[in-house]
Amino acid sequence: MHSRFNALLLGLAMTVGLSACNTTPPTPVSQAAPVPIPIRVVVVSMFEVGADSGDVAGEFQLWRERQKLDTRLPFTHSFHDLYLNPVTGVLGMVTGIGTAKSASAIMALGLDPRFDLSKAYWLVAGIAGIDPNDASVGSAAWAEYLVDADLAHEIDAREIPADWPTGYFARYTKKPYDPNKPAPTGEMFRLNPALTEWAYQLTKDIDLGDTATLQRVRAPYTGYPNAQKPPFVLKGDNLAGMTYWHGKLLNDWANGWVDYWSEGQGEFVTSAMEDTGTLQSLTYLDKSGKVDKNRVMVLRSGSNYTMQPPGVTAVDDLLRDHDGYDSLRPAVEAAYVVGARVVDDIVAHWDTYRTTLPAASAE
């Protein structure tokens, strides 16, 4: 037994010795990384209803079907798989609802080595609550200012000083709408105003149509002339918050909050949940050279009003909305029709827009 064991050890030692004497290096195996896919436009949706095609459309489905986003790409480290048209270079994504999901999904895409997003334009296209002071359901608004509704201090309204209009006030300040506020660090983002204006000018004359449903929804808003117009395209800014708020008093606060953070330059028009999270990630990605934040556009279409009509309580109006937005389909259609005009123009003029941002024509 011992002699057999010693023979095995001797053989192993000889094998090791011969290996050590063999100085010929192994042939390297080629593992070149695949070339990233160049993306021209990223269409950012927040949710879908049911399947991605063939049923009631949420924010993503019309883009999936009409832009022929037929190549499905697994995106397991985020909310929803990606869809690509490899001919046009249009990539569609669904972030999930809320700033947390939108921020993480955008960051995951921005760091995904499969894609070259350095020249990509970003179009956020989704539905929103819409201020009846400014527009009607089914209308579509291009935002220049994105204001966050969550990053703040708050005291319950039942405990605030008698002269305070609200219990909500900026961090590092001492009262609501304190002029001595610090520079925004996530409370507000301003998009490229020239690109926003170009998108608006390109789309402002689109006929969004009208329906009996939209007419019925807007009819109670007597005293709000813009709320009673057929759908139209406008410029108007977005307030993003994780809490679904509703009612005239909060609508007044939303107008004041957007005015406060935009230094009087912005106008609250749409209420949603995700856009400041999206811009926070794109801002970080821009700093690392992964994306160009000057190529970002935000389009929101009204699926419901942000406050009740005359003669109705805020609670009753909100609970009625919980049964389903009457204006969902027209709003989804408007977001696509208006947004697609921009996407199609970018793709058609890619030789120019790859290096030079589009600009609105002089009036």
Checklist (1) out of contact with any Leu (no Cβ under 8 Å at 6 or more places or on another chain); (2) surrounded by fewer than 20 Cβ atoms within 10 Å (Cβ to Cβ) applied to Gly129, failing item: (2)
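Residue-by-condition table, conditions (1) surrounded by fewer than 21 Cβ atoms within 10 Å (Cβ to Cβ); (2) more than 21 Å from Ala348 (Cα to Cα):
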position	(1), (2)
Leu73	yes, yes
His77	yes, yes
His80	yes, yes
Tyr83	no, no
Pro86	yes, no
Val90	no, no
Gly98	yes, yes
Ala105	no, yes
Ala108	yes, yes
So Leu146, is it in contact with a Phe, Trp or Tyr (Cβ under 9 Å, 6 or more places away or on another chain), within 18 Å of Ala254 (Cα to Cα) and not in a helix (DSSP H, G or I): yes
Candidates Asp317, Asp326, Asp275, filtered to the one that is in contact with a Leu (Cβ under 9 Å, 6 or more places away or on another chain), surrounded by fewer than 21 Cβ atoms within 10 Å (Cβ to Cβ) and within 26 Å of Val49 (Cα to Cα): Asp326
Top-ranked residue in the range 110-125 [being buried (at least 24 other Cβ atoms within 10 Å of the Cβ) and either touching a Phe, Trp or Tyr at 6+ places or on another chain (Cβ under 8 Å) or of a type in the set (Ser, Thr, Tyr) (or both); ranked as nearest to Asp205 (Cα to Cα)]: Ala125
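Yes or no, residue by residue, for (1) at pLDDT below 95; (2) among the hydrophobic types (A, V, I, L, M, F, W, C); (3) out of contact with any Cys (no Cβ under 8 Å at 6 or more places or on another chain); (4) within 22 Å of Ser136 (Cβ to Cβ):
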site	(1), (2), (3), (4)
Asp150	no, no, yes, no
Tyr168	no, no, yes, no
Leu195	no, yes, yes, no
Ile206	no, yes, yes, yes
Val233	no, yes, yes, yes
Asp237	no, no, yes, yes
Gly241	no, no, yes, no
Criterion (in the same structural domain as Thr276 (by TED's automatic domain parsing), part of a loop (DSSP other than H, G, I, E, B), among the charged types (D, E, K, R) and exposed (fewer than 15 other Cβ atoms within 10 Å of the Cβ)) met by exactly one of Asp163, Asp207, Asp178: Asp207
Neighbours by Cβ (under 6 Å, 6+ apart or cross-chain): first from the range 40-64, over 14 Å from Arg329 (Cα atoms); second in a loop (DSSP other than H, G, I, E, B) and of a type in the set (A, V, I, L, M): Val42/Ala120; Met46/Ile97
Tally, over the range 83-112, of residues that are of a type outside the set (S, T, N, Q) and under 16 Å from Gly58 (Cβ atoms): 9
Close pairs from the range 226-238: first under 10 Å from Leu214 (Cα atoms), partner aliphatic (A, V, I, L, M), Cβ under 7 Å, at least 6 apart: Pro231/Leu208; Pro231/Leu214; Pro231/Ala334
Matching residues in the range 159-213 - criterion: being of a type in the set (A, V, I, L, M) and either farther than 28 Å from Lys248 by Cα or in contact with a helix residue (DSSP H, G or I) (Cβ under 7 Å, 6 or more places away or on another chain) (or both): Ala183, Met188, Ala194, Leu195, Ala199, Leu202, Ile206, Leu208
From the options Tyr200, Tyr260, residue that is surrounded by 20 or more Cβ atoms within 10 Å (Cβ to Cβ), in contact (Cβ under 8 Å) with a residue 24 or more places away in the chain and in contact with a strand residue (DSSP E or B) (Cβ under 8 Å, 6 or more places away or on another chain): Tyr200
Any hit, the range 244-258, residues being in a helix (DSSP H, G or I) and touching a Lys or Arg at 6+ places or on another chain (Cβ under 8 Å): no
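The rows are residues; the columns are (1) out of contact with any strand residue (DSSP E or B) (no Cβ under 8 Å at 6 or more places or on another chain); (2) in a strand (DSSP E or B); (3) among the small types (Gly, Ala, Ser).
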{"position": "Val87", "(1), (2), (3)": "yes, no, no"}
{"position": "Ala103", "(1), (2), (3)": "yes, no, yes"}
{"position": "Ala108", "(1), (2), (3)": "yes, no, yes"}
{"position": "Trp122", "(1), (2), (3)": "no, yes, no"}
{"position": "Gly138", "(1), (2), (3)": "no, no, yes"}
{"position": "Ala141", "(1), (2), (3)": "no, yes, yes"}
Residues that are aliphatic (A, V, I, L, M) and exposed (fewer than 15 other Cβ atoms within 10 Å of the Cβ), drawn from the range 210-236: Ala212, Ala219
Given (1) surrounded by fewer than 18 Cβ atoms within 10 Å (Cβ to Cβ); (2) part of a loop (DSSP other than H, G, I, E, B); (3) not hydroxyl-bearing (Ser, Thr, Tyr), index of the condition Lys290 fails: (1)
Within the range 129-188, tally of residues that are among the aromatic types (Phe, Trp, Tyr) and touching a residue at least 24 places away in the same chain (Cβ under 8 Å): 4
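The values are calculated or read from the model by the stated rules, or taken from the named source; none is laboratory data. Fair warning: this is a prediction, and the values are worked out from it, not measured in the lab. Every residue, glycine as well, gets a Cβ built from its backbone with ideal geometry; the counts of neighbours run over all protein chains shown.
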